[in-house]
Ligand SMILES: [Zn+2]
């Protein structure tokens, strides 16, 4: 007996033990689907029962069959979108038949999978190294892990805490150097040199006075030098032992390296000023002393062990579109309000004297900062200022809201991936964790295990 498929007839389909009955006509709603072309499914036809049999979930099939009756696919709200997508694939129903009210359920789950993959990728880098057993590592890799991966061993953690302390101490000393009571006056010959320098550059007396009093006390200078010896050596050694030089050279390290070099040039010249005794030497010392401020970038070292910081970076890097919209919108509104305000204040004795001042005012007002150094003085100006402030809140809130919700999502999913990675640790690994001799094993420190 051949499976008879005629439009007016009913047809029995057994899905995982539950029998469904429908008109053949109904099943032609989606012409390319498996159900519309059942005559091709001869292998699934049960001649004894005179029905088709598919070993699928009958609950999901209720929704599939309903889609044929309604002409559009609606997803059950309590079923994962990915599961239902597989069901659609099995029944060969194209995704574009899914009704707009159910897009979130379908595409939201794809988005979630993308998020998890992104998180795993970005947190994986050092975990791969951590997966290697310590015996297999050469001295260089071990040294690299010691310097750059605080979670690799107890000693690495201590080293990381020590370096963090040195960075903080160096920053504190730098900050103290700017406080009056931690500064001393230059010596007579140094002041002479300074005034020559000020004359050559046409500085006024106030600038000269400022220059003459910014010398930190000697003990601060030496303390800072010791801290910088440690930090410079640490950076240099990390660079030498790092096998992947390209990934080592990042923005913050480059800036910090530039800051250290400036510091050492300024330091060397400063202690040889009495031999050099030239305006140029003093200029080099002052300029590089000024540039050494870039070593503050090393503070980012402290954020390495903080997943939230990496999540913030990840949020920004994946929110380029939103940031572009933000800058674009802000740019337009700043120009519009700047021009309108300038026009409104044109004939008044206002401190907004040109378009650029007006644009600056608009930027400060739109970003809800409002310094108040430039203020409109006309009634029209006040109305524009009010509108500008309200627009500022709205313009900022929209893209910022999207970025913030993305961050929350990353934060939550990072938590889930950490918990999930723990559940994947087999009994073998758990035993290793509990063995005292292996307590500093790298394996217990793995945060994420990539899914296949
Ligand atoms: Zn729906």
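FYI, it's all coordinate maths here, none of it is from the lab. Here the structure is a predicted model, which means the values were calculated and not measured. Note: ideal-geometry Cβ built from the backbone for every residue, glycine included; neighbour counts use all protein chains shown.
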Helix 279-291 vs. the chain, principal-axis angle (Cα, 0 to 90°, nearest 10): 30
With -39,500 (n - 2.57) per DSSP H segment of 4 or more residues and division by the full residue count of the chain, the 222 nm estimate, nearest 500 deg cm²/dmol, is -20500 deg cm²/dmol
Classified through the alpha carbon gyration tensor (a ≥ b ≥ c as square roots of its eigenvalues; rounded if a/c is under 1.5, else prolate when a/b is larger than b/c, else oblate), the stretch 36-123 comes out prolate
For the stretch 250-298, compute the orientation-averaged projected area of the C-alpha convex hull (one quarter of its surface), in nm². 2.9
Which percentage, to the nearest 5, of the DSSP beta bridges contained in the stretch 10-98 is antiparallel? 65
Relative contact order (%) - the chain, alpha-carbon pairs under 8 angstrom, separation at least six: 13
Can you tell me what the convex hull of the Cα atoms of the stretch 152-304 projects to on average, as an area in nm²? 10.5
With axes computed from alpha carbons, what is the tilt in degrees of helix 103-131 against the longest principal axis of the chain, rounded to the nearest 10 within 0 to 90? 50
Under the rule rounded for a/c under 1.5, else prolate if a/b exceeds b/c, else oblate, using alpha carbon gyration tensor axes a ≥ b ≥ c, the stretch 234-379 is classed as oblate
Note on the chain, DSSP bridge orientation, antiparallel percent to nearest 5 equals 70
If one takes the longest principal axis of the Cα atoms in the chain, at what angle in degrees, from 0 to 90 and to the nearest 10, does the Cα axis of helix 355-366 lie? 60
Once a ≥ b ≥ c are taken as the square roots of the eigenvalues of the Cα gyration tensor of the stretch 310-361, is the result rounded (a/c under 1.5), prolate (a/b larger than b/c) or oblate (a/b not larger than b/c)? prolate
Cα-based convex hull volume of the stretch 145-242 per residue, rounded to whole Å³: 128
Sequence ranges 109-119, 57-67, ranked by mean other-Cβ count within 10 angstrom, highest first: 57-67, 109-119
Please express the shape of the stretch 17-79 as an equivalent ellipsoid: the semi-axes are the square roots of 5 times the eigenvalues of the C-alpha gyration tensor, given largest first in whole angstrom. 20, 15, 10
Pairwise over distinct Cα atoms, reciprocal of the mean inverse distance: report the Kirkwood radius of the stretch 238-320 in Å, one decimal place. 15.0
What number does the chain give for Rg over Rh if you use C-alpha atoms and the Kirkwood radius? 1.16
Could you compute the FRET efficiency for residue 303 and residue 47, with r as their C-beta to C-beta distance and R0 at 60 Å, rounded to 0.05? 0.30
